Amino acid sequence: MVTLTINGKQIKAPAGEMLLETIRRQDIEIPALCHHAAVEPFGACRLCTVEITRQSWDGWKNYVTSCLFPVEEGLIVQTHSSEVTRIRCTILDLLLASSPNSRVIQDLASEYGILASSYVVDAAGDDCILCGLCTRVCSELGMNAIATVERGRLKKVDTPFSEPSASCIGCTICAQVCPTGHIRFEERGLKRKIWYKEFKLIACSECGRSLKLTPEMKQYFSERQQLPEDYLEQCADCKQKQTVDRFNRIIDRSEEVI
Amino acid sequence: MCIKNSRQLKQVQRDFLTRDKQFTRKALICCGTGCLANGAQAIVDEFRIVMKKKRITGFSFEAVRSTGCHGFCEQGPLVIIEPEGIFYTKVKTSQVTDIIDTTIRKGVVIERLLFTNPVDGQKITHYPEVDFFTHQQRIVLRNLGKIAPHDIKEYIGNGGYAALDKALRRMQPQEVIDEISRSGLRGRGGGGFSTGRKWQTCADVESEMRYVVCNGDEGDPGAFMDRSIMEGDPHAVLEGMIIAAYAVGANQGYIYVREEYPLAVIHVQKAIEDCREIGLLGKNIFGTEFSFDIRIARGAGAFVCGESSALMKSVAGEVGEPRAKYIRSVVKGLYDQPTVLNNVETYANVPIIIDKGANWYCKIGTPKSAGTKVFSLVGKVRNTGLIEVPMGITLRRIIFDVGGGIIDDRPFKAVQTGGPSGGCLPDSMLDLPVDFDTLTANGSMMGSGGMIVMDDLTCMVDVARYFLEFLVKESCGKCVPCREGLYQLHGLVQKVCAGQGSEQDLDRMEQLSEVIVRGSLCGLGQSGPNPLLSTLKYFREEYLEHILHRRCPAGVCRDLIIYTINEKCTGCGACVKPCADVAITGEKKKLHVIDQDKCTQCGACMAVCNFDAVEVH
Amino acid sequence: MCQDFSRLPEIIARHRQSSESLIMILQDIQQEYHYLPPEALTLTAETLAVPLSKVASIATFYNSFSLKPRGKNIVKVCLGTACHIRGARLIQDQLEHKLGISAGETTSDSEYTLEAVACVGACAMAPVVIVNEKYHGSLNVNKAAKLLKRK
C-alpha cells in the first residue's frame, strides 16, 4: 500500500494501481474516453490528465494522464485544478470541433461549460474520436479484423482495404465499447451487417427467434471455451422453459411413483 | 581472416600503412550524396579509365579513394590530392587527365581548379586553408573525406577498432561506463541527456536480455549529419555501438536507418558484414567471451519514429505509434527489455573518448556541454554544408566565419535550430554560445544539428506555418492535443498568412500551444508549438504587420503580395513560359505586363527574370 | 491486371520470414512492383502469420508506401526546411503545372508520379528534386522544368 494525497485528502491505495482507479474510487469524477477495464491503458484522449507534485518538487508541477500513471508514495494529486480544467476544456473544445455531432462529446463539453467549439468546426466530422477501444478489444479477442489505417487527421478505423474481413466474426463488441456510438451495425431478423460484412444469425432451435449469435461467434466460443456443442442453440427464454419443464416432469413422475 | 588479439589488429593496421606508403600521391574523391549528385561517380570512373592507359610510379587506381562527405557539398565534386592537400572544386571529367598528368605526376597545382575565397576573391590551394574548414574542429568527422567508408582496412589503418580492443581487453564494463560518464558526453539526438548515466541505468536493471539501438532516423527536415556519418564513416558508429553493448551487457543491436538514405544503408550493411567476417561482430568478438551482433532496421518515412518508443515499435516491425512512458525505455524498451538508445553522432563520439580518455575529451567544448557538435549549416548562407565545431562557439562565428555570411550580403534575420521541435533565434542572439542549455533557455534547442540560416526574404510567419504543416502531416494521430491541436494551430497561423488574422488570434495561439505542450503524449506534440512560440516571441511585429497592415514584409505570403513588371523589362519573354496562370502577356522586346486577375502570386516570373524587372509589393 | 507474385516467397525469405522485418519486406515488395498490390499484402500476412489488418495499418502509416500503382518515373520534390526557404514551393508548382497533376498523383499515361517528400538530406544543394533516385540540386524554376522530358 502507498499513501498519497488526492485533492487534499490522504488516501491509501495498492501499489501498482493506476491513479485513475484510485481517483474514481473516491467518487471523484474525471472523464476518460479511451479507457476500458478490458484492455491496457492507452493514453490517447488525455481527458483524465491530472496535476501531480511532491513536497520535494519545490512547487514544480507535472501533468500526467491518470489512466497510465501508477500511484506513488507521497504523491500530491489535483484532479480539478484550474490548469487541469483548462487542459480538459481545450481538449473537449477540440473534440467538439472535430466531432461536432456527437451527443456524448456535446454532453461532456457542456458539463465543462462549452456549448459550442471555439475552433474551426469540421461540419463533416464523424463521431469517431480515435480512442482505439474498438481496435484494441478486437485485437484482445484475437480477431484483429479492424485496425487504424493512415495517420494524423486522416487516421480512421477500418478493415483491410475497406472490404469485408475474413477474420471478423460479427460479434459487435467494437460497437459496444465505442464511447461515442460511432460504430453501428444493422440487424434485421436473422441477418446482421457490420464492417461491410453480412452475417446470418442463429435461430433458437425451439422458438426460432434470433439468438443474436453468428455461427462464427459460436465456433469461436466453442473452440476457446470448450462448451458443449448444443450449449448455444436455444434462447434464454426457451432454456428457462426447458428447465421448468424438466422439473415439472420430475415432479410428475414422482407423483406417479407415489 | 579473423582478428583474435591486439597483435593481429596491429598487423592489419601495419599492413595497410605499408601498402599506403607505396603511393607518392593519393586522390581523394568525395562521394557523399551531395558530390554524387554533382557527378562524383563519373570522376571516379574517369580516373579508372585514364589509369588503365597510364603507368605512373607511386600511383595506381588503388590510390584513388571514394571517400565520405567532406561537408563542402556546395562546391562538389571535390578532389583532394594528398599528401599536399591540394583542393580542387567543381571538377569535371574532362579535367581528370590534366589532374593526373600535372598534379599527381609532377605535383604542380592547376590554378583554375582551385577554390576562390568568396570574401577576397583569392585562390586557395590547400583545403585546411579554406575558411569553411579552418574554424572547424573535426573529431567525429575526422575520417570523413579521408578514408574509403566501404573498406574496413582503411578504418583499421587509421586507428579504427583500437578503442574497442582497449575496452574489451583492458577495461571492465563498469570502467567503460565510468569513462563515458566522466567525459561529459551528452546525447546528440536532441535532448542532451548524459550518455554515461543512460548506460549506467541500463546496466543496473536486472535482465537476461539487453539491447543497444542506434537512432539513424534523422527526421528533422534540413539536417543530414547522421546521413553523412553513416555514409562516410560507418565503422565509427558500429565501434561505438559495440563498445556500448560491452559496457551495458547487450548481445543484440539494431541500427535504424531512414529509407530516404539508400547509400547509408548500403555502407552500413557492408560495414556490418565486414565486421562479422573478421570477428568484430558475432560470437566471441576479438577472441574474447563477449558476443554481440547488429541488424539494420530500415525506417519507412515517419518523423514520429525519431521518438524513442515509436522507434522501438518500428524496429519491431510495427506501426510507429509512441506509447506513454512513465517507465523509461532504458528500463523497458525494445521488446520490453532494457535498451540503450543513442543517435548516430553520439555513438561516433564513443571510440575516440575511449581511445584518448575522458580527460582529453572533456577539455573540448564547455564544462556542461563537452565535445564538439556536428551541424548541417544550410539556408541563406554562403558556404553550406556539414560542419563540426566545439561546443560553446557563438552562432555568429558559425554563420559568419565558417558559413562566410549571408548570400548576396543580405541582412541576417534568424537562425533555426532543432528542427520542428526547435525555434528561431534573431540577430540579437547571435553572440549566444551554442550549447545544450543556452539554446533551450532561449526558446530553441540543440536538436540533432540542423541549422538553417534565414535572411530578410524569409517570412517568419511562413516559417511557423511551414513547420506546423509538417507536423500536422507527421502527427501519428493517437492523442487529441497533437492531432487536433496542431491542426487548429496551423489553421490560425494560416489565417495570419492570408491577412485575415486578428491580435486575439495571437493570444489564442499561445494558449492553445500551452495545452498542446502540456497535454500531448510524446515529444512530437510536446515540442511541436516551439517554432511558432519562438517566432511569436522574437518576431511579433512581423505577425502584427500581417494582421494590422495586411502586409508580408518578406514578400512571401501569397495572399498579401502582388507582382508587377517594371521598365527594366527587356521583353525577353523568359517569364511567360513558367507562368502557370498564363497571366503574363507582351510583345517580344517590349514591356510585359501581369494580369492581376489571373496571377496567383507563385513568383515563378521573379525567379527566372535576369533583369530584376519583376517586383514584389 | 494479372500480376505475377511468384517472387514474393523469395522476398519474404530474404528477411528470415520474421514479422520483425515486416516493414522491410513491404519495402522490398514495393521495390519489385513499384507499389503495394493488395494481393501481395494478403500473401505476406498469411506467410508471416500476421493479421492482415496490421499489415494494412503499416502500409498506410508510413509515408514511403503506396497502395496505388505509381508511374514509370518517380519525381520527388524535397520540401525540407532548407529547400523550403530556397523556393521548393515554386519548384513544386512548376512541376505540378508541367505534369498537370498535384503532388501525390500519377499522370493519366502512367509516365510520372509526383511526390512531395520531407527532407532527403541533401540540404546543402537546396532546392532538390529526385528523379528516379538521381539527385538534382541547386534548382531553379527553369532547371526543374527541364528535368521532365515532356512539354
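The values are calculated or read from the model by the stated rules, or taken from the named source; none is laboratory data. Model, not experiment: these values are computed from the prediction. Positions of Cβ are backbone-derived with ideal geometry, glycine not excepted, and every protein chain shown enters the neighbour counts.
Miscellaneous remarks
- Looking only at segment A:111-150, and only at residues there that are free of Cβ contacts under 8 Å to residues at least 12 places away in the same chain and over 22 Å from the mean Cα position of the chain (by Cα), the one that is farthest from the other protein chains (Cβ to nearest Cβ): A:Leu115
- Evaluated against (1) more than 14 Å from chain C (Cβ to nearest Cβ); (2) surrounded by fewer than 18 Cβ atoms within 10 Å (Cβ to Cβ); (3) of a type in the set (S, T, N, Q); (4) in contact (Cβ under 8 Å) with a residue 24 or more places away in the chain, A:Ser167 falls short on exactly one condition, (1).
- Scanning segment B:238-289 for residues that are assigned to a helix (DSSP H, G or I), within 26 Å of the chain's Cα centre (by Cα) and among the basic types (Lys, Arg) yields a single hit, B:Lys270.
Residues checked against (1) at pLDDT below 95; (2) of a type in the set (S, T, N, Q); (3) at positive phi:
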{"site": "B:Ser534", "(1), (2), (3)": "no, yes, no"}
{"site": "B:Phe539", "(1), (2), (3)": "no, no, no"}
{"site": "B:Leu544", "(1), (2), (3)": "no, no, no"}
{"site": "B:Ile547", "(1), (2), (3)": "no, no, no"}
{"site": "B:Ala580", "(1), (2), (3)": "yes, no, no"}
{"site": "B:Lys588", "(1), (2), (3)": "yes, no, no"}
{"site": "B:Asp597", "(1), (2), (3)": "yes, no, no"}
{"site": "B:Val614", "(1), (2), (3)": "yes, no, no"}
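- With respect to (1) within 11 Å of another protein chain (Cβ to nearest Cβ); (2) buried (at least 19 other Cβ atoms within 10 Å of the Cβ), the lone exception for C:Ile11 is condition (1).
- Single match in C:Leu148, C:Leu139 (criterion: within 19 Å of the chain's Cα centre (by Cα) and in contact (Cβ under 8 Å) with a residue 24 or more places away in the chain): C:Leu148
- Residue match in segment B:131-147 (condition: of a type in the set (Asp, Glu), over 25 Å from B:Asn284 (Cα atoms), in contact (Cβ under 8 Å) with a residue 40 or more places away in the chain and in contact with a Cys (Cβ under 8 Å, 6 or more places away or on another chain)): no
- Single residue of C:Pro127, C:Pro69 found to be surrounded by 24 or more Cβ atoms within 10 Å (Cβ to Cβ) and more than 7 Å from every other protein chain (Cβ to nearest Cβ): C:Pro127
Yes/no per residue for (1) among the polar types (S, T, N, Q); (2) assigned by TED's automatic domain parsing to the domain that holds B:Val257:
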| residue | (1), (2) |
| --- | --- |
| B:Leu141 | no, no |
| B:Gln174 | yes, yes |
| B:Ser183 | yes, yes |
| B:Trp199 | no, yes |
| B:Cys202 | no, yes |
| B:Ser207 | yes, yes |
| B:Met230 | no, yes |
| B:Val237 | no, yes |
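- Restricting attention to segment B:513-532, the residues being closer than 16 Å to A:Thr90 by Cβ and either without any contact (Cβ under 8 Å) to a residue 24 or more places away in the chain or surrounded by fewer than 24 Cβ atoms within 10 Å (Cβ to Cβ) (or both) number 5.
- Residue satisfying all of: in segment C:36-62; within 14 Å of chain B (Cβ to nearest Cβ) and surrounded by fewer than 19 Cβ atoms within 10 Å (Cβ to Cβ); farthest from B:Ser475 (Cα to Cα) among these: C:Thr47
- Any hit, segment A:33-50, residues being within 23 Å of B:Val515 (Cβ to Cβ), under 24 Å from the mean Cα position of the chain (by Cα) and without any contact (Cβ under 8 Å) to a residue 12 or more places away in the chain: no
- The single condition from (1) within 14 Å of chain C (Cβ to nearest Cβ); (2) at pLDDT below 95 that B:Val213 fails is (2).
This table checks each residue for (1) under 16 Å from C:Ile85 (Cβ atoms); (2) out of contact with any Gly (no Cβ under 9 Å at 6 or more places or on another chain); (3) surrounded by fewer than 24 Cβ atoms within 10 Å (Cβ to Cβ).
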{"residue": "B:Thr417", "(1), (2), (3)": "yes, no, no"}
{"residue": "B:Leu430", "(1), (2), (3)": "no, yes, yes"}
{"residue": "B:Pro433", "(1), (2), (3)": "no, no, yes"}
{"residue": "B:Asn442", "(1), (2), (3)": "no, no, yes"}
{"residue": "B:Met451", "(1), (2), (3)": "yes, no, no"}
{"residue": "B:Asp456", "(1), (2), (3)": "yes, yes, yes"}
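- Of all residues in segment B:85-109 being touching a strand residue (DSSP E or B) at 6+ places or on another chain (Cβ under 7 Å) and assigned to a loop (DSSP other than H, G, I, E, B), the one that is surrounded by the most Cβ atoms within 10 Å (Cβ to Cβ): B:Val91
- Strands (runs of 3 or more DSSP E) contained entirely in segment B:290-409, each with at least 2 residues that are within 14 Å of chain C (Cβ to nearest Cβ) and surrounded by fewer than 24 Cβ atoms within 10 Å (Cβ to Cβ): B:293-298
Residues are listed down the side, and each one gets a yes or a no for (1) under 20 Å from B:Gln41 (Cα atoms); (2) within 24 Å of the chain's Cα centre (by Cα):
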{"position": "B:Thr93", "(1), (2)": "yes, no"}
{"position": "B:Ile110", "(1), (2)": "no, no"}
{"position": "B:Ile124", "(1), (2)": "no, no"}
{"position": "B:Val130", "(1), (2)": "no, yes"}
{"position": "B:Ile139", "(1), (2)": "no, yes"}
{"position": "B:Gln172", "(1), (2)": "no, no"}
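- Meets criteria (in contact with a helix residue (DSSP H, G or I) (Cβ under 8 Å, 6 or more places away or on another chain) and over 18 Å from B:Leu144 (Cα atoms)) for B:Asp204: no
- Scanning segment A:85-96 for any residue that is facing chain B (nearest Cβ under 10 Å), surrounded by fewer than 19 Cβ atoms within 10 Å (Cβ to Cβ) and within 22 Å of B:Glu514 (Cβ to Cβ) turns up at least one such residue.
- Given (1) surrounded by 18 or more Cβ atoms within 10 Å (Cβ to Cβ); (2) closer than 19 Å to B:Arg551 by Cα; (3) at the interface with another protein chain (Cβ under 9 Å from one of its Cβ atoms), number of the condition B:Gly491 does not satisfy: (1)
- Any chance B:Val576 is under 37 Å from the mean Cα position of the chain (by Cα) and surrounded by 15 or more Cβ atoms within 10 Å (Cβ to Cβ): no
Residue-wise test of (1) away from chain A (no Cβ under 14 Å); (2) part of a loop (DSSP other than H, G, I, E, B).
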| site | (1), (2) |
| --- | --- |
| B:Thr458 | yes, yes |
| B:Ala464 | yes, no |
| B:Phe470 | no, no |
| B:Gly485 | no, no |
| B:Leu506 | yes, no |
| B:Glu510 | no, no |
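- Scanning segment A:97-110 for residues that are at the interface with chain B (Cβ under 8 Å from one of its Cβ atoms) and not hydrophobic (A, V, I, L, M, F, W, C) turns up just one, A:Ser98.
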